[in-house]
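K.L.:
Shown below is the structure under consideration.
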Amino acid sequence: MQFARSSRRRRFGLELRFADVFGVESADRDRDRDRDSLSQVLRRTEQQQEPAEEEQEGHVLFGTLQGSVVGLRYYTGVVNKGEMVSLVREPQNPYDRNAVMVTNVYGNQVGHIRRQLAAPMAHIMDNNLAKVEGVVPYRTNNQFTMPVHLSFWGKEEKRMEVVNELSNHGFKLAPGSKGLSASGQGPSRAGTTLERFWTVPRKTTAVALTPEQLKNVFDKLFDDLMEDKTREMEAAEAVGTPLLPHQKQALAWMASRENSNDLPPFWEQQNNLYLNVLTNFAVKERPDKVQGGILADDMGLGKTLTTIALILTNFHNGKPLPLQKCAASPKSAVRVPKMVKGRNSSLESERSRSHFAEETPKVSASSSHPKRGSEASDVIVISDSDDAGEGVAPKKRAKRKESKGETSTSSTKGSVILSEDSDFAAALGEFLQGPSSQKKKAHKKSEGGDDTQGKTGKSVGARATLIVCPLSVLSNWLDQFEQHVSADVKMNVHVYYGTERIRDPKFLAKQDVVLTTYNILSTDYTDKRSSPLQAVSWLRVVLDEGHIVRNPAALQSKAVLALTAERRWVLSGTPVQNSLKDLWMLISFLKLKPFDIREWWNRVIQRPVMLGDHSGLQNLQALVKGITLRRTKNSRVGGRLLVELPQKKVFVEHVTLTEDERRRYERVRKDSRAIIKRYFREGTVLTNYADVLAILVRLRQFCCHPQLLEGAATPAGPTEKASTPDELRQYLVKKISLVLSSGSDEECAVCLDSLRQPVITYCAHVYCKPCICEVIRSEKENAKCPLCRMQLNIKELVEYPGEQENLDAAQDKDECLSSSKVDALMVHLFQLRSQDPKIKSLVVSQFTSFLSLLEVPLRQHGFDFTRLDGSMNQKSRVKAIQAFQDTAQGSPTIMLLSLKAGGVGLNLTAASRVFLMDPAWNPAAEDQCFDRCHRLGQKVDVVIIKFIVKDSVEENMVEIQQKKQKLVEKAFGMKNAEERKQSRIEDIRALMEL
DNA sequence: ACCGCCGGGTGCC
DNA sequence: ACCGCCGGGTGCC
């Protein structure tokens, strides 16, 4: 008894010490302290000191060790069979400065590591030689000690030091057996014997994933997250815009995530306990549910509208947000034309149904609008009726605002119609005190309806939703509130932004919605004690573009994590950009226990996945699935696309060469045919494949512009091999560049997939570097080129140096002759310019040199254009895209685009015309290019014009395209390498009409 | 803890 | 009896 008490005292003592040191940081901590144990406090402070927490990448398992946890009877933490435990150094322990304490997943202390073992462990842990992890393999029936299985993970170079330190204290590491990590082991069900647990190590396919594979994992991670999420929910009346079916589904899902009592992922109820099947941690109390999740819909599917609907529809107990109704008079004096225009008919009818149609419009909130150039500051005119005293407040506030001489954004339509009239707010005060307002209050009472707030005496806690977003979309949120909140209710939307922002938590807590930016959040957080945003207990926090928050070390991340809320949401079109760590940040924000603590995330998810552990991946997937809704524009609801896009019309325009061009074309064609014919005769088409491609490229380039051939290499016959190694190298670099830029979408003959890290062999065949290296490794000295059986040597592989800016001779010469195809394009561009100068076009070619040629006539005729191709760096790409997407007058109307530039994410919806200057080998590449502008966000029909030169290789390419398309449609894809090879030869034969 | 360890009591078999 | 052995008291770090 005495001991127990004294140890408790010690614990508090420690806690206080930590609170003293880090006490500045938060009310939040104080609130939570009751629930949190010492170790959690310790852990948190740790995180604050080293937020990055050492990277575990490259860590290997040194070995394992059986240790024991002692002193169980002094602590309350319980551990079950197979449960993971955490080992925390406790250097301040007055009895042993080597002390290592053991805590369970929830951070409750279980005991200590026996001192003999703690000594070397302390040394190892303090010097960062290894990370030590514990799993309790079984329980003994004694109440004093329990076994713990320790694994030592660290960098290979530290292995000896760790082994020595342990052996100096008489401990010997056993080779690691992965089965002892609790991850993926599943719940240790009754009957799982100790022996089985120990002697059946999980068979792991533990091959670390390459970055490529990881990328693939992420891509697939968010696939197919729709099943079971197709239930629809009607939005509250206050939502003025009818929701599309997929938005109703999202609403239903979000509401259920907020309301349902489901256990969080990986928790199961077993008898009277709740068990986390990944960590094997069990508790008596039901674990907190995660109220919220990640809405990861593609952009354009209406994440904003859905979120607004959620706010209005799902207040407490599944009821809608109680809002004061107000009249919506269409004849209202204050109305921004834009709003009227944007209104749709169903809204009108909605309004006419309103009980209060005769009443005076009410303004509920006014806030200045950063984008609209007024001083960024906000004034609330009226607050909800929950507070009896509020009735008078509006006038006072309105006055304050007036005295500051600010422009205000006021609303008649629902909450947020904008007004530039600064007198308006003052006038409003009168409105609100007028008879109509009182009448309404009376009416509302008699309705006895949805007033869940204070007046009824039933306190429901938090009311306000905080939305954090990048500044660039803040105005969009305001617009969307204006647009989508029904006219006959008023909603308090407060913008917390600008130097004059009202830093009053009580005031903020009264709002329906508070909008702010990540910057403001971070800035306020710098002075943690007085950050109003941190002081409010939010009903809901929404992180818009949530992927922005991903570096845990960043101030904004800390600020975000320190927000107090019942429900948390992340909105993001791209939730995982490149790393699992990004995802951790989001999981941590959502408070998905126990993964909000980095150690459990690392042990249970991140490391297993990085090591290629299949079950780790499954767990990750299950985790994501449980909290994420993601649909893309290709997702279907009941067989139909979520969103119908505007039409896409494709026209082919046949271009006739001039007599002169024709004559020269035929000459080039004849030479080319002769060479290729010879290859066919000799059966060496594949051995000389790069040359064949080069020849075809020349022909295709000629169709675009004869001048393109001038700089190009002459047909490289097999005779023309280089003599010195350096020349050979240059020759190969040229070849590989040719193959890759030929647009033929070459695939690697080993993996039959598109080329990754392309390399070229001395026999001029291109493969993925990893693929061909593997071939050479396995076949050793006898390795031969899979395509031509030539001897291979790993040292002879030449890598692709990357796209180089080839200085085009044509660009210098201002006097540039036109070509039939260029003329054809210009005709269209002229016509478009006179028709509607605002229409923007993409001019697409596979040949960047052709794009350069096109710049000349465009410049000559005064077209504003920008350019995007693979040789540009990230910065100039972004610049080019932004300039083009800008709708302002004077922005470029044409973008010269190289066919394959940019990833799938490239968004060029500003364009509604596409001119495809030359056909691609692969029709899918063309479609992907068209999708750059024919995608969500495109408002008008897209017209695509493909230029094809009559009687040329281009026509033959189109034929092959169509043939391929049919094969794809019939699901007769190429099956094996032989078929593919053969089909390529056939392609060439058809192209050259041989 | 059905242990280990400590230290006092004890002392042929 | 400056040992061994016995058995009660005791127990994390």
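The values are calculated or read from the model by the stated rules, or taken from the named source; none is laboratory data. Bear in mind the structure is a predicted one, so any value in this text is a computation, not a measurement. Quick reminder, even Gly has a Cβ in these numbers, built from the backbone with ideal geometry, and neighbours come from all protein chains shown. Note: areas computed on protein heavy atoms with side chains; ligands, DNA, RNA excluded. Shrake-Rupley method; radii C 1.70, N 1.55, O 1.52, S 1.80 Å.
K.L.:
For q = 0.13, 0.21 Å⁻¹, what log10 I(q)/I(0) does the stretch A:460-616 give under the Debye formula with an equal point scatterer on each alpha carbon and no solvent?
P.N.:
-0.63, -1.38
K.L.:
What percent do you get for the relative contact order of the stretch A:567-648 when only Cα pairs under 8 Å and 6+ apart count? It would help to have the intermediate numbers written out before the result.
P.N.:
Working: 45 pairs, mean separation 10.6, N = 82.
Relative contact order here is 13 percent.
K.L.:
I've got another one for you. Which whole-Hz ³J(HN,Hα) couplings does the stretch A:274-290 yield from phi under the Karplus relation 6.51 cos²θ - 1.76 cosθ + 1.60, θ = phi - 60°, glycine and proline marked x?
P.N.:
10, 10, 8, 6, 8, 9, 6, 8, 10, 9, 7, 6, 4, x, 4, 7, 8
K.L.:
Can you give the percent of C-alpha pairs in the stretch A:859-905 whose distance is more than 13 Å? Numbers along the way, then the final one.
P.N.:
Working: 607 of 1081 pairs.
Summing the P(r) tail past 13 Å for the stretch A:859-905 gives 56 percent.
K.L.:
What length, rounded to one decimal in nm, is gained on full extension from residue A:157 through to residue A:566, with 0.36 nm per residue of separation minus their alpha-carbon distance? Could you put the intermediate results ahead of the total?
P.N.:
Values: separation 409, 0.36 × 409 = 147.24 nm, distance 4.59 nm.
That pair, residue A:157 and residue A:566, stretches by 142.6 nm at full extension.
K.L.:
On the principal axes of its Cα set, how long, how wide and how thick is the stretch A:816-991? Give whole Å, largest value first.
P.N.:
54, 36, 31
K.L.:
Note the full-extension length gain between residue A:682 and residue A:982 as 0.36 nm times their separation in residues minus their Cα-Cα distance, in nm to one decimal. Intermediate values should be presented prior to the final figure.
P.N.:
Details: separation 300, 0.36 × 300 = 108.00 nm, distance 1.57 nm.
That pair, residue A:682 and residue A:982, stretches by 106.4 nm at full extension.
K.L.:
To the nearest 0.05, how large is the calculated FRET efficiency for residue A:891 and residue A:818 if R₀ is 25 Å and r is the Cβ-Cβ distance? Can you show the working numbers first?
P.N.:
Numbers: r = 27 Å, r/R0 = 1.06.
Efficiency computed from Cβ-Cβ geometry: 0.40.
K.L.:
Out of the stretch A:108-148, which trypsin sites (Lys or Arg not before Pro) are coil in DSSP terms and have no more than 15 other C-beta atoms within 10 Å? List each step's numbers first, then the result.
P.N.:
Values: sites: A:114, A:115, A:131, A:139; in loops: A:114, A:139.
Taking the stretch A:108-148 and a limit of 15 other Cβ atoms within 10 Å, the loop trypsin sites (Lys or Arg not before Pro) found are A:139.
K.L.:
State which entries of A:248/A:319; A:289/A:528; A:581/A:875; A:581/A:633; A:677/A:734; A:649/A:946 exceed 18 angstrom in Cα-Cα distance in the structure shown. List each step's numbers first, then the result.
P.N.:
Details: A:248/A:319 16 Å; A:289/A:528 28 Å; A:581/A:875 25 Å; A:581/A:633 27 Å; A:677/A:734 23 Å; A:649/A:946 11 Å.
Exceeds cut-off: A:289/A:528; A:581/A:875; A:581/A:633; A:677/A:734.
K.L.:
Also, quick follow-up: Taking loop as defined by DSSP and a crowding limit of 11 other beta carbons within 10 Å, which chymotrypsin sites (Phe, Trp or Tyr not before Pro) in the stretch A:579-624 fit? Mind showing how you got there, number by number?
P.N.:
Details: sites: A:584, A:589, A:595, A:600, A:601; in loops: A:595.
Qualifying residues, ordered by number: none.
K.L.:
Same structure again: From a point 7 Å beyond the Cα of residue A:93 in the direction of its Cβ, which residues of the stretch A:109-129 have a backbone N at a distance under 17 Å?
P.N.:
What the label zone holds, given the 17 Å backbone N cut-off, is A:109-127.
K.L.:
At 1.4 Å probe size, with no ligands or nucleic acids counted, give the accessible surface of residue A:871 in Å², nearest ten.
P.N.:
Taking all protein chains as shown, residue A:871 has close to 40 Å².
K.L.:
For residue A:777 and residue A:959, what does the FRET efficiency come to when R0 = 30 Å and r is the distance between their Cβ atoms, rounded to the nearest 0.05?
P.N.:
Efficiency, rounded to the nearest 0.05: 0.15.
K.L.:
Shifting gears a bit: Please report the relative contact order for the stretch A:816-991, taking Cα pairs under 8 Å with a sequence separation of at least 6, and give it as a percent rounded to a whole number.
P.N.:
Working: 217 pairs, mean separation 37.3, N = 176.
About 21 percent, as a whole number.
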